[in-house]
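A short write-up of the structure that comes next.
The values are calculated or read from the model by the stated rules, or taken from the named source; none is laboratory data. All values reported here derive from a predicted model rather than from experimental measurement. In this analysis, Cβ positions are derived from the backbone assuming ideal geometry, glycine residues included, and neighbour counts consider all displayed protein chains. The area values use the complete protein model at the heavy-atom level, side chains included, leaving out ligands, DNA and RNA. Shrake-Rupley method; radii C 1.70, N 1.55, O 1.52, S 1.80 Å.
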Amino acid sequence: MSLSLLNAFADAFNRHDIEALLGMVTEDCVFDMSSGPEPWGTRHIGRQALREALPWAWRTWPDARWEQVKHVVAGDRGFSEWTFRGTDAEGRVTEIRGVDLFVLRDGFIARKDTFRKQRPA
């Protein structure tokens, strides 16, 4: 069940399907983004916060894709390795390797914490 949840979650990100994503997370879910002002990045708590925050990537990179995705699940923990690729409005291509750490609860994602490689500017 958990591997299929993480596969469906990755597929929904690639479809840019916010409703599908929100249907896979707990009401009180916590997402820690890979960057932001705090040591944990920018934190979003709850479905409404995710509804507002997640589409930013799709607006920034309309062709955003998470590829080469691999998932591992052990009990109520999981992780995904991925390569993000996207092209912005100026035609710049972004490619980033990253990892998401998950906490799973009752068949849903309760927490997602993202880590990524950072290239020099």
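For segment 110-120, the set of residues classified as surrounded by 15 or more Cβ atoms within 10 Å (Cβ to Cβ) and either aromatic (Phe, Trp, Tyr) or closer than 19 Å to residue 69 by Cβ (or both) consists of 111, 112, 113, 114, 116, listed by residue number. Within segment 41-61, residues that are open to solvent by 30 Å² or more (accessible area, probe 1.4 Å) have Cβ atoms under 7 Å from residues that are assigned to a strand (DSSP E or B) and among the aliphatic types (A, V, I, L, M) in these pairs: 43/30; 45/30; 47/25, counting only partners at least 6 apart in sequence or on another chain.
I'd like the residue in segment 69-109 that is among the small types (Gly, Ala, Ser) and under 17 Å from residue 10 (Cβ atoms) and, out of all such residues, is most open to solvent (accessible area, probe 1.4 Å). Step through it out loud before you land on a result.
Step one: of segment 69-109, the residues among the small types (Gly, Ala, Ser) are 74-75, 78, 80, 86, 89, 91, 98, 107.
Next cut, under 17 Å from residue 10 (Cβ atoms) only: 78, 80, 86, 98, 107.
Details: 78: 9, 80: 5, 86: 3, 98: 5, 107: 33 Å².
Ranking the qualifying residues of segment 69-109, first place goes to 107.
Does residue 27 count as surrounded by fewer than 14 Cβ atoms within 10 Å (Cβ to Cβ), under 13 Å from the mean Cα position of the chain (by Cα), in a strand (DSSP E or B) and modelled with pLDDT of 95 or more? Judged against the criteria, residue 27 is not a match. Restricting attention to segment 30-57, and to residues there that are under 12 Å from the mean Cα position of the chain (by Cα) and assigned to a loop (DSSP other than H, G, I, E, B), which single residue is farthest from residue 103 (Cα to Cα)? The selected residue is 54.
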